[in-house]
Amino acid sequence: MTTEPKTATTAQAAGARRTVLTGARVVLPDGVAENGRVTVEGTRIAPDVPGEPGTLDLAGHWIVPGFVDLHVHGGGGASFSAGSAEEALRAIATHRAHGTTTMVASTVTGDLDDLARQAAVLSELVEQGDLAGIHFEGPFISPHRCGAHDPDLLRDPHPSDVRKLLDAARGAARMVTLAPELPGGLDSVRLLADNGVIAAVGHTDATYEATLEAVEAGATVATHLFNAMPTLLHRAPGPVAALLEDERVTVELINDGTHLHPAVLELAFARAGADRVAFVTDAMGAAGMGDGVYPLGPLQVRVTDGVARLVEGGSIAGSTLTLDTALRRAVTVDGLPVPDAVMALSTTPARLLGVADRVGSIEAGKDADLVVLDAEYRLTGVMRKGEWVVRPDMG
């Protein structure tokens, strides 16, 4: 981290590339800077030097921190479950072009040996810095709430099986979604918490009381809250109420207009606040692509008008969402203030992953991961570690 401001001359002498973005509305941790400036030196955000001329005038635009996606299965026609580094990199590139500069690769339910092989491939990409970790969504989930997961491959979350996946990931596992009411569920939550891995409650048929037990055991995330779990009822509040009310829990929301009604999203923000909400895509391989038929693990998914459903049975099967669309919808449809949307897209998930010292907000010393939006909140530029992934077209 740069501790003392450098002059442009000093920076050039040191050989560091320096870029000064000016004129935009910049979303900072303490508010929005009108006609703000962001200075990038090498791969990091640097302290601003008063009077230094700008490199790129972004008047009429917004600059926000790069997005952090906790839950994404693929994109660009590629899947993280394919067990292929080439496919994984294609999915990563697709979401980077839409502003997601940090992401956790999510798998889907499969045979344990297959999941272990997938983890071996993905862990190498974590070691290279292309991914922030691995999220195992299944197979330790409820057969009553399995959604787009193959019910024939589900199993109870016995700690020995959970341990097998953690070992296969070689330290790269960041989250495991499970149904805590199943045999071994609470012991597995404790195992995950003891090993610094996020235990997420999802695809669950748990009661309110059983969910509270899971949180007490160490669960800290609600996997796509409201989806694949019992609905909120006045005499049976179920997992939704338990997960919303506990300050230790971060709730994932899929803001694509299909998974959640705007009133439900408003309810979640009103109860949890932006510092406990993480927007996720839950995107499968069709993200960034057109309609058609795509694989999701061992199952086939048909995408029609951008909505993904299983070919057999018709259940919603993830999404085709990208986080730039989630932000635009949050502001223009749901009426969220831009700083709240940015917190849910960047700051909160970065903190949850334990990487907030590097990403998730625009502050000197952090990685230069930036997203540029126009006045209508459409993405026009993406920078990751000081390099333009998408260079703003200023006409």
If I model a spin label at Glu127 and His234 as a point 7 Å from the Cα along the Cα→Cβ vector, what separation in nanometres do I get?
5.7
Using Cα pairs under 8 angstrom and six or more residues apart, how large is the relative contact order of region 67-353, in percent?
19
For a quick check: sort His158, His224, His61, His71 by the number of other beta carbons within 10 angstrom, fewest at the front.
His158, His61, His224, His71
Gap in Å between the Cα centre of region 300-332 and the Cα centre of region 193-261?
21
nm² value of the averaged projected area, convex hull over the Cα atoms of region 138-255:
7.1
If each of Asn195 and Asp291 carries a label point 7 Å out from its Cα toward its Cβ, how far apart are those two points in nm?
4.3
To make sure I understand, if each residue's beta carbon is the centre and we count other beta carbons within 10 Å, what order do Trp62, Trp388 fall in, fewest to most?
Trp388, Trp62
If each residue's Cβ is checked for other Cβ atoms within 10 Å, how do Phe226, Phe279, Phe136 rank with the fewest at the top?
Phe226, Phe136, Phe279
Phi-derived 3J(HN,Hα) across region 298-315 with the Karplus relation (6.51, -1.76, 1.60, θ = phi - 60°), rounded Hz, x for Gly and Pro, is x, 9, 10, 10, 9, 9, 10, 6, x, 9, 9, 9, 4, 4, 9, x, x, 5
Find the Rg to Rh ratio for region 38-168, where Rh is the Kirkwood radius over alpha-carbon pairs and Rg uses the same atoms.
1.13
So what's Rg/Rh here for region 141-193, counting alpha carbon atoms and using the Kirkwood radius for Rh?
0.96
Long-range amide H partners of Val68 with built H, under 5 Å
Ser346
Kyte-Doolittle mean at least 1.0, axial Cα span of 30 Å or more - DSSP H helices of the chain
none
Spelling it out for Ala24: with amide H atoms placed in the peptide plane at 1.01 Å from N, the residues 5 or more places away or on another chain with amide H under 5 Å from its amide H are Gly36, Leu58
In region 250-303, how does Rg compare with the Kirkwood Rh, expressed as the Rg/Rh ratio over alpha carbon atoms?
1.09
Of the beta bridges DSSP finds with both residues in the chain, what % are antiparallel, to the nearest 5?
55
Antiparallel versus total DSSP beta bridges in region 232-319: what percent is that, nearest 5?
70
Using only the C-alpha atoms of region 124-165, find the volume of their convex hull and express it per residue in Å³.
95
Stokes-Einstein translational diffusion, the chain - Kirkwood Rh over all Cα pairs, 0.692 mPa s, 37 °C, in µm²/s:
155
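Where a number appears in this text, it was derived from the coordinates with a stated rule and is not lab data. Everything numeric in this text was worked out from a predicted model, so none of it was measured. Backbone-built Cβ (ideal geometry, glycine too); neighbour counts: all protein chains shown.
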